[in-house]
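The values are calculated or read from the model by the stated rules, or taken from the named source; none is laboratory data. For clarity, every value in this text was computed on a predicted model and none was experimentally measured. Reconstructed Cβ throughout: ideal geometry from the backbone, glycine too, with neighbour counts over all protein chains shown. Please note that ligands, DNA and RNA were not included when accessible areas were found on the heavy atoms of the full protein model with its side chains. Shrake-Rupley method; radii C 1.70, N 1.55, O 1.52, S 1.80 Å.
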Amino acid sequence: MAASFKYKLSVIIVNYNVEYFLEQCLNSVKKALEKIEGEVFVVDNNSIDGSVDMVQRKFPEYNLIANKENLGFSSANNQGILLSNSEYVLLLNPDTVVEEDTFIKVVEFMDQHKDAGGLGVHMVDGKGNFLPESKRGLPTPSVAFYKIFGLSALFPKSKKFGKYHLGFLDEFENHEVDILSGAFMLMRMETLEKVGLLDETFFMYGEDIDLSYRIQKGGYKNYYFSDTNIIHYKGESTKKSSVNYVFVFYRAMVIFAEKHFSKKNARSFSFLINLAIYFRASLAIGARFIKRITQPIVDFVFIAGGLLCLTNYWDQHSIKFPPEVLKIAIPIYTFTWLLAVLFNGGYDKPIKFIHHLKGIVFGTILILIVYGLLPKDWQFSRLFILLGATWTFFYYLISHLFLHVALGGKFSLKSTTSTRFAVVGTDDEFQRISAILRETRHKVDIIEQVAIDDVKSSTAVGTINQLDQVVHIHQIDEVIFSAKDISAGAIIAWMCSINSDHVDFKIAQPESLFLIGSNSIETAGDLYVLNINNISKRDKIRAKRTFDIFISLSLLLSSPLTLWFYNQKGRFLGNLMKVLVGKNSLVGYHSIIEKKVTLPNIRKGILTPQDEYSVKDESMSEKLNLIYARDYSIRKDFTILLKSWKSLDR
């Protein structure tokens, strides 16, 4: 059978907007395919982050399918399967890292077990923690009930309640299982020809359950293979705590039940799942709403309460305020200060008190401006406004000092904490990675080098065989592995060995300006890239949008005068309207043909950083784009506008 195929293994990776993770995955796949005849298909579901350009530039030998729309996981994988020409097909997530001998081991196992139709492997997250979805049972109504209502989480090792993740089976032994994970799903082409491809009714989630079940119904077995490891960062496509995840995941289970269970069981299962959907969705929405609104409500009550106390103080000194004014003024003043603090990033985490101060100052100025425009009957006391602002300032100061002491964490008033790093790699890689860390981290305590062999260099504090001791003695917070110098197998082994909640891990890809890691099973993979993301921070986004609205509105209002400075008057007015409604920005990146670095997404600009210097060289334009993203401020936009305002009609 195998002789009729051109290759032994086809690796199919469906990507959607995870460029950096995809590059790391492909680097590991490339090494794992060195000792096996194989081919790779990257199916991109209309990403906008530069993934397609990266694959074309760095992995031209791989087969790239660039879809013009997001077809979903099943359809995209089927595209690759239909074009493949191998005895075995592997569906692999882009946010994974495989060991150098993973493909050899899994193919050998399949060759030795002719009854095997599908195979999954031992998966760990970015901290080396075992991922329980590496092995799963069939989600029958009872199993689904235990999963949905938390019994499987309470009793993970129980043979009755723990069937969803088969927690009673040893993670370090090979087992026959029901369901494989779509993150790493190896199958015989012979099996797929018999049972069919992925069911495209499933857009995302559930398709791996469906196909695994059909493999079993086709007379084959599914195996969990524990003799190799992969990293699965998880969470890049859908956050598990999101309402969207609840609906999509459990709806997929309904589709599965209606397809495979009897009508009676399917109806019962569907009712149960729909009940669970609205129950879990309500909890998710409620929890999110309460989490976001609690602190502002508490702040509103205390600030408004303080203002009322001020009016009582005035009353005691025979100074009367008009009651109808106070009923309106106190809520409006309080709301204005809260809104101004919110707008200036006062409720962003981690907390920076300077944002509260800016918000209070901005809110007070706004209140005084509006106050000055009111009729005399409504102007009862500027002193009251200033004292109210003073109370608001001290309230925020006292309340956040309390939260800092009592809760810490997200409420900590400290700026970014200093981090202690250990970089495992050669001298050259140590220098390169250190530069990235210092560029992307605001506070670096120390960066220690760990040598990759037993011969310790003069700058290293130890060798890789002493890594656990280095972490302990030097109180390391994050370990960075150089993928150029250390095998994926060794990296995963050390992650699993250290496996500490207090230590994070990152992997530095060769010749790339990013480091990838993940802090837990519940969080999306995180990464450090060269610090070009300043422009995408929430406070910068708000500031840029405010600048756009203020300038475009001012120019529109003054257009009877300003219009005469422009030849393309209609284009000028049209551009301002596009900025005002949020379609465009006054300043954006200069468009270049070949992008070497993917920049944070912002609105298309009328003006560009290139206009400030009248540069026409494309390579210099890209550098100006990078500098603009890295060093963005309103002052930068204002400078470009002052020098190039005559080009607003382009």
Residue list for the range 57-76, restricted to those being touching a helix residue (DSSP H, G or I) at 6+ places or on another chain (Cβ under 8 Å) and polar (S, T, N, Q) | ASN63, ASN67, SER74
Within the range 491-522, can you find the residues that are out of contact with any strand residue (DSSP E or B) (no Cβ under 8 Å at 6 or more places or on another chain) and either within 14 Å of GLU448 (Cβ to Cβ) or open to solvent by less than 50 Å² (accessible area, probe 1.4 Å) (or both)?
-> SER500, SER512, SER520
Selection over the range 179-207 where residues are without any contact (Cβ under 8 Å) to a residue 24 or more places away in the chain and either of a type in the set (Val, Ile, Thr) or open to solvent by less than 40 Å² (accessible area, probe 1.4 Å) (or both) yields a count of 1
If you check LEU413, LEU357, which single one turns out to be farther than 17 Å from THR336 by Cα and modelled with pLDDT under 90?
-> LEU413
Identity of the residue in the range 80-97, assigned to a strand (DSSP E or B) and farther than 19 Å from SER134 by Cα, that ends up most open to solvent (accessible area, probe 1.4 Å) | GLU87
Filtered residues of the range 459-483 (kept if over 25 Å from the mean Cα position of the chain (by Cα) and either touching a residue at least 60 places away in the same chain (Cβ under 8 Å) or not in a helix (DSSP H, G or I) (or both)) | THR459, ALA460, VAL461, GLY462, THR463, HIS474, GLN475
What are the residues in the range 150-169 that are within 15 Å of THR140 (Cβ to Cβ) and not hydroxyl-bearing (Ser, Thr, Tyr), if any?
-> LEU151, LYS159, LYS160, PHE161, GLY162, LYS163, HIS165, LEU166
Meets criteria (surrounded by fewer than 16 Cβ atoms within 10 Å (Cβ to Cβ) and small (Gly, Ala, Ser)) for GLY306 | no
So is ILE13 open to solvent by less than 10 Å² (accessible area, probe 1.4 Å), touching a Cys at 6+ places or on another chain (Cβ under 7 Å) and not small (Gly, Ala, Ser) or not?
-> yes
Give just the number: which of (1) modelled with pLDDT of 75 or more; (2) closer than 30 Å to MET577 by Cα does ASN534 not satisfy?
-> (1)
Which listed residue is open to solvent by 20 Å² or more (accessible area, probe 1.4 Å), in a strand (DSSP E or B) and of a type in the set (D, E, K, R), from LYS8, LYS30 = LYS8
Within the range 208-218, restricting to residues that are in contact (Cβ under 8 Å) with a residue 40 or more places away in the chain and surrounded by fewer than 23 Cβ atoms within 10 Å (Cβ to Cβ), the one that is nearest to ASN27 (Cα to Cα) is ASP210
Out of LYS643, LYS583, LYS596, LYS636, which single residue is at pLDDT 85 or above, in contact with a helix residue (DSSP H, G or I) (Cβ under 7 Å, 6 or more places away or on another chain) and open to solvent by 80 Å² or more (accessible area, probe 1.4 Å)?
-> LYS643
Does ASP44 satisfy the criteria of being charged (D, E, K, R) and in a strand (DSSP E or B)?
-> yes
Among the residues listed as ILE452, ILE433, the single one being within 29 Å of the chain's Cα centre (by Cα) and either at pLDDT 90 or above or among the hydrophobic types (A, V, I, L, M, F, W, C) (or both) = ILE433
Selection from the range 461-482 of residues that are of a type in the set (A, V, I, L, M), closer than 19 Å to ALA435 by Cα and open to solvent by 10 Å² or more (accessible area, probe 1.4 Å) = VAL461
Search the range 599-625 for residues being hydrophobic (A, V, I, L, M, F, W, C) and at pLDDT 75 or above, and hand back the single one that is most open to solvent (accessible area, probe 1.4 Å).
-> ILE602
LYS135 passes all but one of the listed conditions (1) open to solvent by less than 10 Å² (accessible area, probe 1.4 Å); (2) modelled with pLDDT of 90 or more; (3) in contact with a helix residue (DSSP H, G or I) (Cβ under 9 Å, 6 or more places away or on another chain); the exception is number (3)
Qualifying positions in the range 309-331 - modelled with pLDDT of 75 or more and of a type in the set (Gly, Ala, Ser) = ALA329
Which of the residues spanning the range 334-391 are part of a loop (DSSP other than H, G, I, E, B) and open to solvent by 90 Å² or more (accessible area, probe 1.4 Å)?
-> LYS352
Looking at GLU176, GLU171, which one is open to solvent by 20 Å² or more (accessible area, probe 1.4 Å), in a strand (DSSP E or B) and in contact with a Phe, Trp or Tyr (Cβ under 8 Å, 6 or more places away or on another chain)?
-> GLU176
Mind checking which pairs have a first residue in the range 98-127 that is part of a strand (DSSP E or B) and a second that is charged (D, E, K, R), Cβ under 7 Å, 6 or more apart or different chains?
-> ALA116/LYS221; GLY117/ARG188; GLY117/LYS221; GLY120/LYS135; HIS122/GLU171
Flagged in the range 87-117 as modelled with pLDDT of 95 or more, in contact with a helix residue (DSSP H, G or I) (Cβ under 7 Å, 6 or more places away or on another chain) and of a type in the set (S, T, N, Q), in numbering order, are THR102
